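So that we are looking at the same thing, I have put the structure below in structure tokens.
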Ligand code: TXA
Ligand code: MG
């Protein structure tokens with residue numbers, strides 16, 4: 001059920017939960033300082049208690065409610081990338097409830113680039129917002145995805161749909177070099193060139209699991225089996241979904257999608273394809289292997305999500 005900013009703010013101030021659009025994916029917003037409301041978020045998603053949430057803010061001053069450690073690095077990064085699809089992991093202030101951070105001494109924060117959600121957070125103050133999907137399923141990128149997971153009466157804030165379609169980059173800024181814990185639209189190269197700071201990317205970081213609690217759990221998985229293919233298949237099965245980027249395959253009877261090198265569009269559509277495949281009762285989703293990632297592109301984030309979706 002689509003609701004206005006005013007209605008959404010009332011629900012959150014009353015300790016309720018509202019799905020909110022961001023430029024990446026939909027989030028499930030609750031008052032970050034209301035322990036009961038945050039607990040409700042974990043219960044609603046079926047999320048393990050040790051997988052911490054991202055706190056979303058609308059103004060830089062709100063960062064002071066979450067941390068006492070605003071240094072030059074924090075300033076450089078936030079100035080360059082906020083509002084936008086970059087989450088920073090910083091030392092947490094003791095007033096941030098432990099339930100938000102799964103007991104960690106750090107907190108993840110981002111300022112989303114979405115006018116209605118920023119207006120909402122201006123009224124409510126910081127909100128926790130994990131992706132608005134049942135734990136383990138693909139993130140929601142359309143209101144219909146939220147309703148599919150949580151029912152048609154579930155409140156969804158009005159506003160344009162996510163334009164990116166893949167979750168934010170998660171960057172631990174307490175380490176040197178900085179560590180990307182989850183790749184996203186903001187790449188290591190973009191951070192290095194904007195700030196002059198060194199960044200270690202997730203692929204090279206062997207201690208990723210230890211630092212990013214979420215990476216222990218399965219993610220982004222549709223019910224259909226996701227398989228990465230190297231070549232175009234000889235025959236296509238009508239009960240499968242096919243996603244290509246280099247070949248222009250005939251659409252035939254199968255669900256065949258051609259992206260012809262448009263990886264931004266593929267990122268935008270990926271979770272919708274996952275969800276549509278399940279909706280159509282497809283048992284398999286075949287995805288052409290992506291090329292090696294180029295600088296400043298969404299490819300490494302896409303690869304990360306597709307590999308996780310295809311892993312057992
Ligand atoms: O784009 C996004 O980030 C979306 C939208 C709604 O903003 N949110 C999102 O939240 O993807 P979620 O909860 O689905 O993923 C948050 C990730 C998880 O992998 C979690 O483990 C990690 O961020 N995370 C949260 N707090 C952390 C912390 N203190 N240290 C390390 N990783 C943290
Ligand atoms: Mg998620």
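Does residue 100 satisfy the criteria of being under 19 Å from the mean Cα position of the chain (by Cα) and either more than 23 Å from residue 301 (Cα to Cα) or away from ligand 1 (no atom under 14 Å from the Cβ) (or both)?
yes
Among the residues of segment 40-81, how many are over 18 Å from residue 175 (Cα atoms), more than 16 Å from ligand 2 (Cβ to nearest atom) and touching a strand residue (DSSP E or B) at 6+ places or on another chain (Cβ under 7 Å)?
Residues in segment 40-81 being over 18 Å from residue 175 (Cα atoms), more than 16 Å from ligand 2 (Cβ to nearest atom) and touching a strand residue (DSSP E or B) at 6+ places or on another chain (Cβ under 7 Å): 4 in total.
A further question on this structure: Given 130, 85, 112, 155, which one is surrounded by 19 or more Cβ atoms within 10 Å (Cβ to Cβ) and more than 10 Å from ligand 1 (Cβ to nearest atom)?
Checking each option against the conditions leaves just 155.
Just to be sure, is residue 91 in the same structural domain as residue 201 (by TED's automatic domain parsing), away from ligand 2 (no atom under 16 Å from the Cβ), under 26 Å from residue 187 (Cβ atoms) and surrounded by fewer than 19 Cβ atoms within 10 Å (Cβ to Cβ)?
yes
Can you tell me which residues in segment 173-188 are without any contact (Cβ under 8 Å) to a residue 40 or more places away in the chain and in contact with a helix residue (DSSP H, G or I) (Cβ under 6 Å, 6 or more places away or on another chain)?
180
Just to confirm my filter: which helices (runs of 4 or more DSSP H) fall fully inside segment 194-312 and include at least 1 residues that are modelled with pLDDT of 95 or more?
Fully inside segment 194-312 and qualifying: 263-279, 299-310.
Shifting gears a bit: Quick one: in segment 101-151, which of the residues that are within 16 Å of ligand 2 (Cβ to nearest atom) and on the phi > 0 side of the Ramachandran plot is modelled with the highest pLDDT?
Checked segment 101-151; the qualifying residue modelled with the highest pLDDT is 102.
A further question on this structure: Does residue 25 meet the test of being farther than 26 Å from residue 270 by Cβ and within 16 Å of ligand 2 (Cβ to nearest atom)?
No.
Can I ask one more? Does segment 71-82 contain any residue that is in contact (Cβ under 8 Å) with a residue 24 or more places away in the chain, more than 22 Å from the chain's Cα centre (by Cα) and part of a loop (DSSP other than H, G, I, E, B)?
no
Check residue 177 against each of (1) within 27 Å of residue 15 (Cβ to Cβ); (2) more than 12 Å from ligand 1 (Cβ to nearest atom) and name the one condition it does not meet.
(1)
Oh, and also: In this structure, is residue 15 on the phi > 0 side of the Ramachandran plot and more than 21 Å from the chain's Cα centre (by Cα)?
yes
The values are calculated or read from the model by the stated rules, or taken from the named source; none is laboratory data. Computed from a prediction, not measured in an experiment: that's the story for all the values here. Cβ coordinates were reconstructed from backbone atoms using ideal geometry, including for glycine residues, and neighbour counts include every protein chain displayed.
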